[in-house]
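Before any comments, here is the structure.
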Amino acid sequence: MSAVNHTKLTHAVFILTGIPGQENTHLWISIAFCFMYAISIVGNSFILFIVKTDPILHEPMYVFLSLLAVTDLGLSIATIPTILGIYLFKSKEINLSACFAQLFFIHTLQCFESFILLLMAFDRFIAICNPLRYASILTLPRIRMMGLVCVLRGVVLMMPFPLLLKKYAYCRDNVLSHSYCLHQAVMQLACSDITVNYIYGIFTTLFTLGLDLLLILISYVMILKTALSVASRKECLRALNTCVSHICAVLLFYTGEISLTAIHRSGVSSSHLLAILMGYVSLLIPPLMNPIIYSLKSKHLRASIIRVFSK
């Protein structure tokens, strides 16, 4: 009987919900998502173009910004086409293989983004607390090594998610509470014991997002301590002003991630709609806003953009 009740892995599909109860407004919602998708793609691609073509921006800070833009492009491409398929074409079904691939890329790219934000905090820490050794510490080979560590950490830690989920049978409701696949949502639909997934999910969250955020906070405590020790108030404000764009990016990313994780871990059924909305915020807002924030707050980047348009 149990074999009859279990959905065969190779034939099962999941149903993505979109926003429940908003079927009459799907066209208008899709227009908003199209706009966000276009801004994210154009904005992050433009950041990459500016940094590559302007020699003035060939510095560690802007190399890290380029890595952030590549990651944001990946997040937009991995999520928004699926969302648009739901709202524009009512394509709500996704097979298991596609779902597992999508959740792997989403969680891996989120891990990348967290680590890149940590590297950017380290960049600001060296620039403010040890400016004389900035060029000797953040050399191009070291930056490449940091990028390699970022990729390896994300891939190695997130690869077990789809591999573990692939071994389960899915005999419960096949409706996911998101417009895309996330590990926290998919594992709840398995008939098997998901204790290993639950524990490993907590471990990866603490080891990636939790550890990165802690180190970012420590770096800013050191930055603030150094800035306040500067005799001139003007120089202190100038030093802190170079961190504003990064602080905004950190707040955008971690606020959404922490809120979404708390909602999933709480297991409160009434938070279904809230989980969907926070999922949109955590995945779609950072790729949309990061290029805008850095373009407005970075003096050198803004000057480069003006030079490009003036030509």
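Shape of segment 47-105 from the C-alpha gyration tensor: prolate (a/c of 1.5 or more and a/b above b/c, with a ≥ b ≥ c the square roots of its eigenvalues).
Using the Cα gyration tensor of segment 38-172, with a ≥ b ≥ c the square roots of its eigenvalues, what is the shape: rounded (a/c below 1.5), prolate (a/b larger than b/c) or oblate (neither)? It is oblate, given that a/c is not under 1.5 and a/b is not larger than b/c. Using +1 at the Cβ of each Lys and Arg and -1 at the Cβ of each Asp and Glu in segment 2-310, identify which of CYS248, THR139, LEU65 lies farthest towards the dipole's positive end. The residue sitting most towards the positive pole is THR139. Once you sort the root eigenvalues of the Cα gyration tensor of the chain as a ≥ b ≥ c, which label holds: rounded (a/c under 1.5), prolate (a/b larger than b/c) or oblate (the other case)? Cα axes put the chain in the prolate bin. With axes computed from alpha carbons, what is the tilt in degrees of helix 140-158 against the longest principal axis of the chain, rounded to the nearest 10 within 0 to 90? The helix 140-158 is inclined about 20 degrees to the chain. Fewest-first ordering of ASP54, ASP123 by other beta carbons within 10 Å of each residue's beta carbon gives ASP54, ASP123. Rounded to the nearest 10 degrees, what's the angle between the helix 244-266 long axis and the longest principal axis of the chain, both from Cα atoms, 0 to 90? Between the helix axis and the principal axis of the chain, the angle is about 20 degrees. Report, in degrees rounded to the nearest 10, the 0 to 90 angle that the Cα long axis of helix 26-53 makes with the longest principal axis of the chain. It is inclined by approximately 40 degrees.
Counting other Cβ atoms within 10 Å as a rough exposure proxy, the listed residues SER229, SER219, SER114 run SER229, SER219, SER114 from fewest neighbours to most. Here the dipole of the chain is about 760 debye; that uses its Cα centre as origin and unit charges on the Cβ of Lys and Arg (positive) and Asp and Glu (negative).
At a Cβ-Cβ separation cutoff of 4.7 angstrom, cysteine residues of the chain with no neighbouring cysteine are CYS34, CYS111, CYS129, CYS150, CYS236, CYS243, CYS248.
Any read-out appearing in this document is the output of simple, stated calculations on the displayed coordinates, not a laboratory observation. Note that the structure is a prediction, hence the values are computed from the model and not measured. Here Cβ is always computed from backbone atoms with ideal geometry, including for glycine, and neighbour counts include all displayed protein chains.
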